[in-house]
Amino acid sequence: MIRLTLDDATRDELQALRRSGLPAKARDRIEMAALADAGWSAPRIAQHLGYHPQTIRDFLRAFLAQGAAALYPYRSGPAPDAERRDRVTAALRESLGRRRTWTSGQLGRALSERGIELGDRQVRRHLKRMGARYRRTGRTPRHKQDPAQAERAKRVLANLKARAAAGLLKLYYLDECGFAPALPTGSGWTLAGERKPVEYEAPRGRRVNALAAYRPYDRSPRLDVFTAERTWTAYDPLGFLGALPWSKVPRVVVLDNAALHTGKVIGVARARLARRGIYLYFLPPYSPELDEIEPVFRQVKYHEMPTRSYTTRLDPREAVEGAFADYGQRLPRKCPERLRPAA
């Protein structure tokens, strides 16, 4: 009979390992060592865990010789070719960095041109090990963006956010968003083998447009929304600006460069708005990432409206207004980067 006696330090180490994400076989081996330490014989441990007694004896001998290293399953076959793996990883990174899309088959053919022969399944295995994922493409206008203007806007906005968090002004983001009766396809949990259909509904004058002002950098974050089933004119955002809540401190409104915002109507009214304490700040062209109301629109359109298709004229507007109202009650207060405590 093989006797195994553990000291207190080894018992504590094995107990800690049992709570970690080890493979099932390694957890069984920890149990074998613990039961042997408790005085169980190899046949009794084998009967309890469902192994052959000789398997238990082989492990106990290995544990006496190697210690905790014997817990981990032995990998048969040759050692991994680290040099080849590094070559594959470097080649995949270089290919994925190009401005094009790839399937695993296309990547396999690109590797073959470099003298690396891999099947589609092997390519996917390497991609998963690298942390790569098969994801939708995303549109971006940044190639048209002026980097100097965008950098300057970031500095201006950082100052405005800090002043808003300190209560020296009210900072709003104002923009418009449209909602069709059949919303864009998104993602959601389904049972295996099923897919949620979204019945298509032609707009036919049933499109709902929302005009919203978002105030995130404040003790009480706020989201004001006005909806209509018509096309906006420049007088709509102008009237919306005039209806912003009164404040003792200046109100700064961030806008993009849509024609609705930069036209003559808004331009003529800027002086009148300034006399009322409302000042406009226009983002540089092609800079949607600087407009903090865009994530709000995305949250409402893709997550707050679980019913994705509407057949009547009234339902879409009620759904849009309800989604904005529900999300407006859960708005988190944002803190500017420069005011966040160091980690």
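The values are calculated or read from the model by the stated rules, or taken from the named source; none is laboratory data. For clarity, every value in this text was computed on a predicted model and none was experimentally measured. We place every Cβ from the backbone using ideal geometry, glycine too, and count neighbours over all the protein chains shown.
Summary table below
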read-out: Among residues of the stretch 196-209, those that are in a strand (DSSP E or B) and under 17 Å from THR307 (Cβ atoms), counted; value: 1
read-out: Residue, surrounded by the most Cβ atoms within 10 Å (Cβ to Cβ), within the stretch 224-261, restricted to residues that are among the aromatic types (Phe, Trp, Tyr) and assigned to a loop (DSSP other than H, G, I, E, B); value: TRP232
read-out: Enumeration of residues in the stretch 175-195 that are among the acidic types (Asp, Glu) and either free of Cβ contacts under 8 Å to residues at least 60 places away in the same chain or assigned to a loop (DSSP other than H, G, I, E, B) (or both); value: GLU194
read-out: Residue that is farthest from the chain's Cα centre (by Cα) [pool: residues in the stretch 130-148 that are touching a residue at least 24 places away in the same chain (Cβ under 8 Å) and within 14 Å of THR89 (Cβ to Cβ)]; value: MET130
read-out: Pick from the stretch 97-112, criterion within 30 Å of ARG139 (Cβ to Cβ) and part of a helix (DSSP H, G or I), ranking: nearest to the chain's Cα centre (by Cα); value: SER104
read-out: Checking ALA274 against (1) in contact (Cβ under 8 Å) with a residue 12 or more places away in the chain; (2) out of contact with any Ser or Thr (no Cβ under 9 Å at 6 or more places or on another chain); (3) closer than 27 Å to ALA158 by Cβ, the condition it does not meet; value: (1)
read-out: ARG230 vs. criteria modelled with pLDDT of 95 or more and not aliphatic (A, V, I, L, M); value: no
read-out: Filter result (at pLDDT below 90 and either of a type outside the set (Lys, Arg) or over 25 Å from the mean Cα position of the chain (by Cα) (or both)) within the stretch 190-201; value: THR190, LEU191, ALA192, GLY193, GLU194, PRO197, VAL198
read-out: Selected residue (criterion: surrounded by the most Cβ atoms within 10 Å (Cβ to Cβ)) from residues of the stretch 145-179 that are over 22 Å from PRO336 (Cβ atoms) and in contact with a strand residue (DSSP E or B) (Cβ under 8 Å, 6 or more places away or on another chain); value: PHE179
